[in-house]
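Peer 1: Quick one: the structure is below, questions incoming.
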Amino acid sequence: MTKKMNKYNGKKLSRGEPPNFSGQHFMHNKRLLKEIVDKADVSVRDTVLELGAGKGALTTILSERADRVLAVEYDQKCIEALQWKLVGSKNVSILHQDIMKVTLPTEPFVVVSNIPYAITTAIMKMLLNNPKNKLQRGAIVMEKGAAKRFTSVSPKDAYVMAWHMWFDIHYERGISRSSFSPPPKVDSALVRIVRKQQPFFPYKEAKTMHDFLSYALNNPRAPLDQVLRGIFTAPQAKKVRQAIGVKPETPVAMLHARQWAMVCDAMVRHVPKVYWPRRKR
């Protein structure tokens, strides 16, 4: 049977299949693509930011669900494919731009993306380091190892722990390599992000929290009492330990976000600012 063909830049293509550009891994599992958009709970009220739109597999679904879609893509060939695929989609703005130089929307927005794995951490920092931005929810496909690290109950990286003060970050599911073309060399996963209705720590004190956690988690194996005694007096440290229900010898890597929020809050309320830890620049 002869396949029906479309034209793209003068070349014959199978229906719905723009050329597969090298160096990127495009998702082609339609059921999975719809599941990703569902996990982000995208509705007609939403502005959606898609980082790394590729050939538009997600973008097409988003254009049917969202009020507005900002599709960011750097590769010129992908831009051409997006323009071809989204002709008539008036609610989609295609941004030919470096992902790391994009300006986040000033109105509340949702992120739905299959991001480049090489810059996963950089993208997550851009989205989550500053809780004052307008990110509300997200569904992001990323490398599985990074997904496990970001969604750990007790992350060892200070910046990841800080994200958990303001956002719930969930590991939703693993994704088979066969869902991509060409298949990546690493396993993938879907991560869902939801802004907490009641943050563990005030947005305006984000820098204080980042500085504090950078100090507290500098050595994840360090006993809690050693870390506390670097900030609090001995009696204060004892009261803090009792408040969070942790023994003095417990490694700091065992604490979860709410406990660290309580410790940092105690520092802000009871320790002169001159003794607060500062991150080295």
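Peer 1: Determine the relative contact order of region 168-217: mean sequence separation of Cα pairs under 8 Å and six or more apart, normalised by residue count, in whole percent. Please list the in-between numbers first.
Peer 2: On the way: 39 pairs, mean separation 17.0, N = 50.
Result for region 168-217 is 34 percent.
Peer 1: In deg cm²/dmol and to the nearest 500, what is the mean residue ellipticity at 222 nm of the chain if only DSSP H runs of at least 4 residues count, each as -39500 (n - 2.57), divided by the residue total?
Peer 2: Values: 10 runs with 96 residues, N = 281.
Rounded to the nearest 500, the figure is -10000 deg cm²/dmol.
Peer 1: What does region 115-182 give for Rg and for Dmax, in Å, if only its C-alpha atoms count?
Peer 2: 12.4, 38
Peer 1: Just tell me which aspartates and glutamates come within less than 15 Å, Cα to Cα, of K148; anything on the same chain fewer than 8 places away is out.
Peer 2: D157, D168, E172, D187
Peer 1: On to the next question. Go through S152, A189, S179 and say which Cα lies farthest out towards the positive end of the charge dipole of region 54-193; charges sit on Cβ, +1 for Lys and Arg, -1 for Asp and Glu.
Peer 2: S152
Peer 1: Counting only C-alpha contacts under 8 Å and six or more residues apart, can you give the relative contact order of region 90-196 as a whole percent?
Peer 2: So the answer I get is 28 percent.
Peer 1: Here's another thing I want to ask about it. Amide H to amide H, which residues 5 or more places from A139 or on other chains are under 5 Å from it, using H placed in the peptide plane?
Peer 2: Amide H to amide H, under 5 Å and 5 or more residues apart or across chains, A139 pairs with V111, V112, S113, I193.
Peer 1: Any idea what the relative contact order of the chain is, in percent, if you count C-alpha pairs under 8 Å spaced at least 6 apart?
Peer 2: Values: 476 pairs, mean separation 41.6, N = 281.
Contact order relative to length: 15 percent.
Peer 1: Quick check for me: using +1 on Lys/Arg Cβ and -1 on Asp/Glu Cβ, what's the dipole size of the chain about its Cα centre, in debye to the nearest 20?
Peer 2: Value, rounded to 20: 200 debye.
Peer 1: As an exercise, identify the trypsin sites (Lys or Arg not before Pro) in region 58-126 lying in DSSP coil whose Cβ has no more than 10 other Cβ atoms within 10 Å.
Peer 2: K90
Peer 1: May I ask you to evaluate 6.51 cos²θ - 1.76 cosθ + 1.60, the Karplus curve with θ = phi - 60°, for each residue of region 233-247 and list the ³J(HN,Hα) values in order in whole Hz, giving x for glycine and proline?
Peer 2: My calculation for region 233-247 gives 6, 4, x, 5, 4, 5, 5, 5, 4, 5, 5, 9, x, 10, 6 Hz in order.
Peer 1: Right, here's the next one. Starting from the Cα of K207, draw a straight line to each of the aspartates and glutamates and keep only those under 15 Å, dropping any in the same chain fewer than 8 residues away.
Peer 2: D265
Peer 1: Could you pull out every one of the lysines with an alpha carbon less than 19 Å from that of K101, ignoring same-chain neighbours closer than 8 positions?
Peer 2: K125, K132, K134
Peer 1: Please identify the chymotrypsin sites (Phe, Trp or Tyr not before Pro) of region 138-241 that satisfy two criteria: DSSP loop assignment and at most 14 other Cβ atoms within 10 Å. Which are they? Before the final figure, lay out each step's value.
Peer 2: Numbers: sites: F150, Y159, W163, W166, F167, Y171, F180, F200, Y203, F212, Y215, F232; in loops: F200, F232.
Taking region 138-241 and a limit of 14 other Cβ atoms within 10 Å, no loop chymotrypsin sites (Phe, Trp or Tyr not before Pro) are found.
Peer 1: With a/c under 1.5 counting as rounded, go ahead and sort region 196-281 into rounded, prolate or oblate using the C-alpha gyration tensor (a ≥ b ≥ c being the square roots of the eigenvalues; past the cut-off, prolate if a/b is larger than b/c, else oblate). List each step's numbers first, then the result.
Peer 2: Numbers: a/c = 1.33, a/b = 1.22, b/c = 1.09.
Rounded shape, in that the Cα axes give a/c under 1.5.
Peer 1: For a quick check of your reading of the filter: which trypsin sites (Lys or Arg not before Pro) in region 136-199 sit in a DSSP loop and have no more than 16 other Cβ atoms within 10 Å?
Peer 2: Passing both the DSSP loop test and the Cβ count: K156, K185, K196.
Peer 1: Now a separate question. Please state the shape class of region 19-92: rounded when a/c is under 1.5, otherwise prolate if a/b exceeds b/c and oblate if not, all from the C-alpha gyration tensor.
Peer 2: Details: a/c = 1.99, a/b = 1.36, b/c = 1.46.
Because a/c hits 1.5 or more and a/b fails to exceed b/c, region 19-92 counts as oblate.
Peer 1: Looking at the square roots a ≥ b ≥ c of the eigenvalues of the Cα gyration tensor of region 124-230, which shape do they give, rounded for a/c under 1.5, prolate if a/b is larger than b/c, or oblate?
Peer 2: Verdict is oblate for region 124-230.
Peer 1: A follow-up question, please. Can you give me the Rg/Rh ratio for the chain, using Cα atoms for both radii and the Kirkwood formula for Rh?
Peer 2: Numbers: Rg = 22.1 Å, Rh = 20.6 Å.
On the Cα set of the chain, Rg over Rh gives 1.07.
Peer 1: Here's another thing I want to ask about it. Determine Rg/Rh for region 52-205; Rg is computed over alpha-carbon atoms and Rh is the Kirkwood hydrodynamic estimate from the same atoms. List each step's numbers first, then the result.
Peer 2: Working: Rg = 15.8 Å, Rh = 16.4 Å.
A ratio of 0.96.
Each value in this text was obtained by applying a stated rule to the coordinates, not by laboratory testing. Not measured: the values here are computed from a predicted model. Heads up, the Cβs are rebuilt from the backbone with ideal geometry, glycines too, and the neighbour counts pull from every protein chain shown.
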